[in-house]
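The values are calculated or read from the model by the stated rules, or taken from the named source; none is laboratory data. Bear in mind the structure is a predicted one, so any value in this text is a computation, not a measurement. Backbone-built Cβ (ideal geometry, glycine too); neighbour counts: all protein chains shown. Calculation scope for accessible area: heavy atoms of the full protein, side chains included, ligands and nucleic acids excluded. Shrake-Rupley method; radii C 1.70, N 1.55, O 1.52, S 1.80 Å.
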Amino acid sequence: QVQLVESGGGLVQAGGSLRLSCAASGSIFRTNVMGWYRQAPGKQRELVAGIISDGSTNYADNVKGRFTISRDNAKNTVYLQMNSLKPEDTAVYYCNLKVPGVNYWGKGTLVTVSS
């Protein structure tokens, strides 16, 4: 059984920064994809950023240049550094881990950006 535990959400003013962390525990395949999704009120969940175990990354267009995803394979932890935050970044951010045939989700952490 895999568990994902997020931390680092909170309230920040526009232009500020936050760093999210997600620690994975349990039986984890060596090759996997970890990522962050977000869901704003009344909207569908969307991909923010993903990172493969070899370090390859991808980002949503609306966060490129502001957000950076990274991972520590030894700790099975993924991070999301969020800079220049905007009110439209307000959402619940969910950690995701993909291994062959299975998708795991964290419970989410709320990020609120005030204008």
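The set of residues from region 31-61 being free of Cβ contacts under 8 Å to residues at least 12 places away in the same chain and of a type in the set (S, T, N, Q) comprises Gln44, Ser56, Asn58. Filtered by the rule that a residue be in contact with a helix residue (DSSP H, G or I) (Cβ under 8 Å, 6 or more places away or on another chain) and surrounded by 13 or more Cβ atoms within 10 Å (Cβ to Cβ), region 95-115 gives Val111, Val113.
Scanning region 6-33 for residues that are open to solvent by less than 90 Å² (accessible area, probe 1.4 Å) and part of a strand (DSSP E or B) turns up Glu6, Ser7, Gly10, Val12, Leu18, Leu20, Ser21, Cys22, Ala23, Ala24, Ser25, Val33.
I'd like to check something: does region 80-94 contain any residue that is open to solvent by 30 Å² or more (accessible area, probe 1.4 Å) and of a type in the set (Gly, Ala, Ser)? For region 80-94, residues open to solvent by 30 Å² or more (accessible area, probe 1.4 Å) and of a type in the set (Gly, Ala, Ser): present. Do we find a residue being over 18 Å from Val113 (Cα atoms), modelled with pLDDT of 95 or more, assigned to a loop (DSSP other than H, G, I, E, B) and out of contact with any Cys (no Cβ under 7 Å at 6 or more places or on another chain) anywhere in region 34-44? Yes. The single condition among (1) of a type outside the set (Phe, Trp, Tyr); (2) closer than 23 Å to Gln13 by Cβ; (3) in contact with an Asp or Glu (Cβ under 6 Å, 6 or more places away or on another chain) that Thr90 does not meet is (3).
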